[in-house]
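The values are calculated or read from the model by the stated rules, or taken from the named source; none is laboratory data. The model shown is predicted, which means the values in this text are computed figures rather than measured ones. Note: ideal-geometry Cβ built from the backbone for every residue, glycine included; neighbour counts use all protein chains shown.
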Amino acid sequence: MKKINRREFLRNSGLITLAGFGGIKLGFANSVVNTVKGTSNNGKDLLVYVFLNGGMDGLNFLPPRSGVNYSEYSTVLRPGLHIPNTESLALNGNSEFGFHPLATGMRNLFNANKMAIIHATGLEQSNRSHFVATALMELGIEDQNASLGSGWMTRYFDSSLTTPDNALIPSIVPSYNITDAVLGDLSALIVGSPTEFALDMGHWAWEDAMQATVFDVFSNPTTLEQTVSHQTLLASQVIQGIDWNNYVPENGASYPAGYFGQQLKTIAQLYKENVDLEIAYVPTGGWDTHIGQGTGTTGEFANLVQELSDGLYALYQDLSASYSGKFTIIVQSEFGRRAYENNSNGTDHGYGNPMFVIGDNVNPGFFGQFPGLQANQLFEEEDVNVTTDYRNVVSEVLIKRMQNRFLGYIFPGYDSYSPLGIVNGTDLSPVYNFDYDPIFASGFE
């Protein structure tokens with residue numbers, strides 16, 4: 001029998017608190033916005049999870065700068081594709097590694113003690129397939145033969161004892177594509193552009209009246225389908241009531257032009273609207289650099305690095321103005337690239353890769369163990385090896401910042417959490433028993 005938590009029980013039984021807003025008439029969107037949304041973010045942290053689809057080249061994003069690793073990297077592995085140590089960006093307190101020359105924003109965050117870098121992370125078992133590796137990480141599993149109907153974010157919310165049962169928009173995927181991370185979560189908001197999120201049928205002049213009629217139909221939900229429709233309509237009205245086109249970021253933050261900058265800006269603006277946003281999952285692609293990867297400050301890879309770095313720096317500046325210490329950013333990819341350059345001025349699919357964790361509650365510096373770049377240190381003599389399970393990094397943030405300790409439920413089969421000290425917070429004892437049901441863990445109050 002499937003185990004569900006208090007929030008899911010209420011949702012599936014049609015008793016979710018959103019039903020209490022049934023008497024509201026829509027009319028113009030602004031008439032609903034201030035009624036249904038809260039006045040604060042319920043004391044919850046925001047987790048922004050940036051996933052770099054395509055396999056980001058961690059060796060050129062965070063290149064060696066000294067010692068035997070730099071020698072191997074620059075002369076043996078990548079004689080034509082390496083980042084010279086005269087060009088990589090120096091980091092405070094660490095002379096072994098630096099940032100790509102266009103990652104100035106991320107370098108600034110690290111040097112301001114707002115970033116942790118975790119060496120050589122990834123799946124426990126290597127998998128060089130984009131599709132399989134990405135699916136495993138989004139589902140939160142290691143066994144590709146496992147059959148699950150939910151993603152890790154879905155199970156996070158199902159097991160959360162701190163997410164409000166009537167959270168309006170607890171999660172968002174600002175993308176035109178679905179992700180398995182929210183598989184099975186009917187409350188996840190997936191929207192490519194917030195300005196396009198509306199009931200779009202019939203003549204525009206009938207839109208307000210049509211939405212009001214539909215809202216009345218589902219105003220007192222008694223089935224799961226009606227509840228989902230009701231919540232979707234509420235979310236739609238909130239989204240439509242926000243002035244997306246005239247947003248002014250705080251702290252002088254400047255988001256990069258392009259879609260990734262728009263994704264991050266959408267998250268910042270929505271979080272500030274106090275809609276109970278708790279997790280934002282940001283998929284961004286283009287990192288599959290087999291051909292013409294480029295070197296230094298030119299080429300496809302350099303452009304991606306600058307966009308990512310500038311975007312993360314802007315998001316940190318923007319949110320820290322009013323929400324200092326209330327958000328954490330995780331950045332990862334499904335795998336790294338091959339340690340050796342190929343014959344097409346690019347790199348092929350690899351294994352181990354760095355992860356980045358950003359925020360005011362981050363303990364800055366390097367964590368994990370870099371396995372080395374000599375032939376006998378490489379995985380199968382080709383890739384950077386993995387020394388830290390990526391789930392260990394994510395789990396520390398979930399436990400210490402998001403107050404969810406049900407790791408065995410979120411990541412089925414995972415039972416080896418060992419905090420690295422990446423973030424500050426209460427280190428709760430993990431629960432691994434997959435059958436553990438938190439529905440009665442804190443009562444029905």
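Details
- Here VAL357 meets each of (1) surrounded by fewer than 24 Cβ atoms within 10 Å (Cβ to Cβ); (2) of a type in the set (Val, Ile, Thr); (3) over 17 Å from GLY55 (Cα atoms) with one exception, condition (1).
- Residue count for segment 91-111 satisfying the condition of being over 22 Å from LEU304 (Cβ atoms) and touching a residue at least 24 places away in the same chain (Cβ under 8 Å): 4.
- Segment 120-176, residues that are among the acidic types (Asp, Glu) and surrounded by fewer than 24 Cβ atoms within 10 Å (Cβ to Cβ): GLU124, GLU138, GLU142, ASP143, ASP165
- Odd one out for GLY352 among (1) within 20 Å of ILE83 (Cα to Cα); (2) surrounded by fewer than 24 Cβ atoms within 10 Å (Cβ to Cβ); (3) touching a residue at least 60 places away in the same chain (Cβ under 8 Å); (4) not polar (S, T, N, Q): (2)
- Test: residue in segment 99-107 that is within 22 Å of VAL397 (Cα to Cα) and at pLDDT 95 or above: yes
- Residue satisfying condition, being closer than 14 Å to LEU189 by Cβ and either outside any loop (DSSP other than H, G, I, E, B) or modelled with pLDDT of 95 or more (or both), within set ALA268, ALA280: ALA280
- Scope segment 61-89; condition among the hydroxyl-bearing types (Ser, Thr, Tyr) and in contact with a His (Cβ under 9 Å, 6 or more places away or on another chain); matching residues: TYR70, TYR73, SER74, THR75, SER88
- Residue within segment 131-141 that is under 24 Å from THR295 (Cα atoms) and more than 17 Å from the chain's Cα centre (by Cα) present: no
- Top-ranked residue in segment 283-306 [being assigned to a helix (DSSP H, G or I) and at pLDDT 95 or above; ranked as nearest to SER322 (Cα to Cα)]: GLN306
- Of residues in segment 54-81 being part of a loop (DSSP other than H, G, I, E, B) and out of contact with any strand residue (DSSP E or B) (no Cβ under 9 Å at 6 or more places or on another chain), the one surrounded by the fewest Cβ atoms within 10 Å (Cβ to Cβ): GLY80
- Qualifying residue in segment 37-47 (condition: closer than 30 Å to THR289 by Cβ, out of contact with any His (no Cβ under 8 Å at 6 or more places or on another chain) and at pLDDT 95 or above): yes
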